[in-house]
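K.L.:
Pasting in a structure now, in structure tokens, and then I'll have a few things to ask.
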Ligand code: AMP
Ligand code: ZN
């Protein structure tokens, strides 16, 4: 393949040519979910973005030569609190939430990572890293806790580009008597009766969050690997602290060569998040008739997200789903007509993806291929984005089976009312909603009353 993969590296703030440490073993780690609650569609963004990267790496280096690890955080104070609130065991909560998560990612057509390690299966590895850090003089035990000694690391803050003084001034850090430095963070902390915990050289306790990823990435990818990814909110403190732990434990200049971060999915300019309460879960969007009065296919959400570059923020709207669905309908219709066999990968498409995952550019190449009626090439390229994997006949049938006739009638009535009120922007919007649902509208004037009437059919 001629195209050179270029990736924007948060560590250097530059777009760089990607050169894997070992092209026969390209290694990618992405921080996975904390399984205390349903994942929201903001969380879907890194899942989709890094799935595209994984697919592209497999294309460039060969399927067997890429290893993708995405962890599951199943020990965390939010998990403890939620299990207590619901009166169930921690295991029951994490098993249930993880099962929904696995279904969500498969609904979004994300390939399963090669390994999905769980934090609770890596406690002894975490203890091993803490022991190394203490031995190296980068951590200290105090009062049942073990803390990372931040000032012991000369270039702490390199990823987020904050100096220690800035951090101390800006942070709302927890003041605790057992801390030597204000920015020192917890590697291990004691567990009370009833809290999950493990025996350790420092007493019965549990790991800090950052430590989990250092232990799991080390176990499955080694001391230094190629790419580490996650959402932009993870740069500080999570990734900074992962780097501190791994580098100081194993004595390297880097933990991963390339650090990639996706931008936020936003609602009215704010990050979609659990804490702000402005979230939509993947599960409710795909399985409940809640948004625009209907359920949506995972593929539609996927395309809607990929229409923006991964580092840009996206504003969440139902309109974006409607537009993505219309596009998919057109593409599937072409596949239905032409019954393609997967063709060669279009060069311009690969070049766009290799340009720091320029998915908007790659999608405009798909539009070109569709316009030219090149169904074979369209299918092949779309598949690399995790799109158009469904049976074209079934896709449409599914879309029509989802149509709720009462809802269609209601929207048609609303649209006619908007037209009578001469609110044409609204009537156009409603027409787009209906078309997006896979409904064809036929307007005609009633000869007797002179009023506009609308009939509809699926199609
Ligand atoms: P969390 O469960 O908050 O640790 O998030 C899991 C992943 O989703 C992390 O990579 C976050 O950076 C990412 N994430 C959380 N909220 C958003 C959002 N609104 N937009 C994009 N990514 C997000
Ligand atoms: Zn992590």
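K.L.:
Please specify each residue of segment 380-397 satisfying the condition of being closer than 19 Å to residue 56 by Cα and part of a helix (DSSP H, G or I). Walk me through it before giving the result.
P.N.:
Here is the first cut: in segment 380-397, the residues closer than 19 Å to residue 56 by Cα are 380-389.
Correct list: 380, 381, 382, 383, 384.
K.L.:
Tell me the residue from 80, 98 that is under 30 Å from residue 388 (Cα atoms) and either in contact (Cβ under 8 Å) with a residue 24 or more places away in the chain or within 16 Å of ligand 2 (Cβ to nearest atom) (or both), please. So that I can check it myself, show each step before the final result.
P.N.:
Numbers: 80 fails: under 30 Å from residue 388 (Cα atoms).
Criteria check complete, one pass: 98.
K.L.:
Right, here's the next one. Out of (1) more than 28 Å from residue 302 (Cβ to Cβ); (2) at pLDDT below 95, the odd one out for residue 24 is which?
P.N.:
The failed condition is (2).
Residue-wise test of (1) under 29 Å from residue 92 (Cβ atoms); (2) surrounded by fewer than 21 Cβ atoms within 10 Å (Cβ to Cβ); (3) at pLDDT below 95.
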| site | (1), (2), (3) |
| --- | --- |
| 146 | no, no, no |
| 153 | no, yes, no |
| 160 | no, yes, no |
| 166 | no, yes, yes |
| 201 | no, yes, no |
| 218 | no, no, no |
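K.L.:
Restricting attention to segment 98-129, which residues are crowded, with 21+ Cβ neighbours inside 10 Å and either within 23 Å of residue 47 (Cα to Cα) or touching a helix residue (DSSP H, G or I) at 6+ places or on another chain (Cβ under 7 Å) (or both)?
P.N.:
101, 104, 105, 108, 110, 113, 117, 119, 122, 126, 129
K.L.:
Which members of segment 244-267 meet the condition of being surrounded by 21 or more Cβ atoms within 10 Å (Cβ to Cβ), more than 20 Å from residue 19 (Cα to Cα) and more than 15 Å from ligand 1 (Cβ to nearest atom)?
P.N.:
244, 245, 246, 247, 248, 249
K.L.:
Looking at segment 225-331, what helices (runs of 4 or more DSSP H) fall wholly within it and have at least 2 residues that are over 25 Å from residue 53 (Cα atoms) and in contact with a helix residue (DSSP H, G or I) (Cβ under 6 Å, 6 or more places away or on another chain)?
P.N.:
Details: elements: 240-250, 282-287, 298-306.
Passing ranges, in order: 240-250.
K.L.:
Across segment 335-379, what is the number of residues that are part of a helix (DSSP H, G or I) and touching a helix residue (DSSP H, G or I) at 6+ places or on another chain (Cβ under 9 Å)? Give the steps one after another, and end with the answer.
P.N.:
Kept after step one, since they are part of a helix (DSSP H, G or I), are these residues of segment 335-379: 335-338, 347-354, 359-371, 375-379.
Among the residues that remain, those that are also touching a helix residue (DSSP H, G or I) at 6+ places or on another chain (Cβ under 9 Å) are: 335-338, 348-354, 359-370, 375-379.
Result for segment 335-379: 28.
K.L.:
If you don't mind, another one. Take the residues of segment 43-77 that are assigned to a strand (DSSP E or B) and away from ligand 1 (no atom under 13 Å from the Cβ): which is surrounded by the most Cβ atoms within 10 Å (Cβ to Cβ)?
P.N.:
68
K.L.:
On to the next question. Can you tell me which condition residue 325 does not meet? The list is (1) surrounded by 15 or more Cβ atoms within 10 Å (Cβ to Cβ); (2) at pLDDT 95 or above; (3) over 25 Å from residue 432 (Cβ atoms), and all the others hold.
P.N.:
Checking residue 325 against (1) surrounded by 15 or more Cβ atoms within 10 Å (Cβ to Cβ); (2) at pLDDT 95 or above; (3) over 25 Å from residue 432 (Cβ atoms), the one that fails is (3).
K.L.:
Residue 104 versus (1) at pLDDT 95 or above; (2) closer than 29 Å to residue 192 by Cβ; (3) more than 16 Å from ligand 2 (Cβ to nearest atom): which is the lone unmet condition?
P.N.:
That leaves (2) as the condition not met.
K.L.:
Given the criteria touching a helix residue (DSSP H, G or I) at 6+ places or on another chain (Cβ under 7 Å) and away from ligand 2 (no atom under 16 Å from the Cβ), does residue 198 qualify? Can you show your working first?
P.N.:
On the way: touching a helix residue (DSSP H, G or I) at 6+ places or on another chain (Cβ under 7 Å): yes; away from ligand 2 (no atom under 16 Å from the Cβ): yes.
So residue 198 fits the description; yes.
K.L.:
While we're on this one: Scan (1) away from ligand 1 (no atom under 16 Å from the Cβ); (2) touching a helix residue (DSSP H, G or I) at 6+ places or on another chain (Cβ under 6 Å) for the single condition residue 213 breaks and write down its number.
P.N.:
(1)
K.L.:
Could you tell me which residue of segment 419-430 is farthest from residue 326 (Cα to Cα), considering only residues that are out of contact with any helix residue (DSSP H, G or I) (no Cβ under 6 Å at 6 or more places or on another chain) and surrounded by 12 or more Cβ atoms within 10 Å (Cβ to Cβ)? Spell out how you get there, then give the answer.
P.N.:
So in segment 419-430, the residues out of contact with any helix residue (DSSP H, G or I) (no Cβ under 6 Å at 6 or more places or on another chain) come out as 420-425, 428-429.
From the residues that got through so far, the ones that are surrounded by 12 or more Cβ atoms within 10 Å (Cβ to Cβ) too are 423, 428-429.
Details: 423: 24, 428: 15, 429: 14 Å.
The selected residue is 423.
K.L.:
Let me confirm something: among 205, 231, which residue is away from ligand 1 (no atom under 12 Å from the Cβ) and outside the structural domain of residue 320 (by TED's automatic domain parsing)? Show your work before the answer.
P.N.:
Numbers: 231 fails: away from ligand 1 (no atom under 12 Å from the Cβ).
Going through 205, 231 in turn, the sole match is 205.
K.L.:
Could you give me the residue pairs with C-beta distances under 8 Å whose first residue belongs to segment 159-188 and is in the same structural domain as residue 138 (by TED's automatic domain parsing) and on the phi < 0 side of the Ramachandran plot, whose second residue is at pLDDT below 80 and not in a helix (DSSP H, G or I) wherever it lies, and which are 6+ apart or on separate chains?
P.N.:
These pairs meet every condition: 182/171; 182/173; 182/175; 183/171; 183/173.
K.L.:
Please verify whether segment 224-231 includes one or more residues that are without any contact (Cβ under 8 Å) to a residue 60 or more places away in the chain, more than 13 Å from ligand 2 (Cβ to nearest atom), over 15 Å from the mean Cα position of the chain (by Cα) and surrounded by fewer than 22 Cβ atoms within 10 Å (Cβ to Cβ). Explain how you work it out, then say what you get.
P.N.:
Going through segment 224-231, the residues without any contact (Cβ under 8 Å) to a residue 60 or more places away in the chain turn out to be none.
Checked against the condition, which is being without any contact (Cβ under 8 Å) to a residue 60 or more places away in the chain, more than 13 Å from ligand 2 (Cβ to nearest atom), over 15 Å from the mean Cα position of the chain (by Cα) and surrounded by fewer than 22 Cβ atoms within 10 Å (Cβ to Cβ), segment 224-231 yields no hits at all.
K.L.:
Which of the residues belonging to segment 15-42 are within 16 Å of ligand 2 (Cβ to nearest atom), assigned to a loop (DSSP other than H, G, I, E, B) and either out of contact with any helix residue (DSSP H, G or I) (no Cβ under 9 Å at 6 or more places or on another chain) or over 20 Å from residue 225 (Cα atoms) (or both)?
P.N.:
Keep residues of segment 15-42 that are within 16 Å of ligand 2 (Cβ to nearest atom), which gives 27-36, 39.
Imposing the further condition that a residue be assigned to a loop (DSSP other than H, G, I, E, B) reduces the set to 31-33, 35-36, 39.
Those that are within 16 Å of ligand 2 (Cβ to nearest atom), assigned to a loop (DSSP other than H, G, I, E, B) and either out of contact with any helix residue (DSSP H, G or I) (no Cβ under 9 Å at 6 or more places or on another chain) or over 20 Å from residue 225 (Cα atoms) (or both): 33, 35, 36, 39.
K.L.:
Looking for something within 21 Å of residue 101 (Cα to Cα) and within 16 Å of ligand 2 (Cβ to nearest atom) - is there at least one such residue anywhere in segment 237-250?
P.N.:
So the first thing to find is which residues in segment 237-250 are within 21 Å of residue 101 (Cα to Cα), and the list is none.
No, segment 237-250 has no match at all.
The values are calculated or read from the model by the stated rules, or taken from the named source; none is laboratory data. No experiment lies behind these values; they were computed from the predicted model shown. A quick note on method: Cβ atoms are made from the backbone with ideal geometry, for glycine too, and the neighbour counts reach across all protein chains shown.
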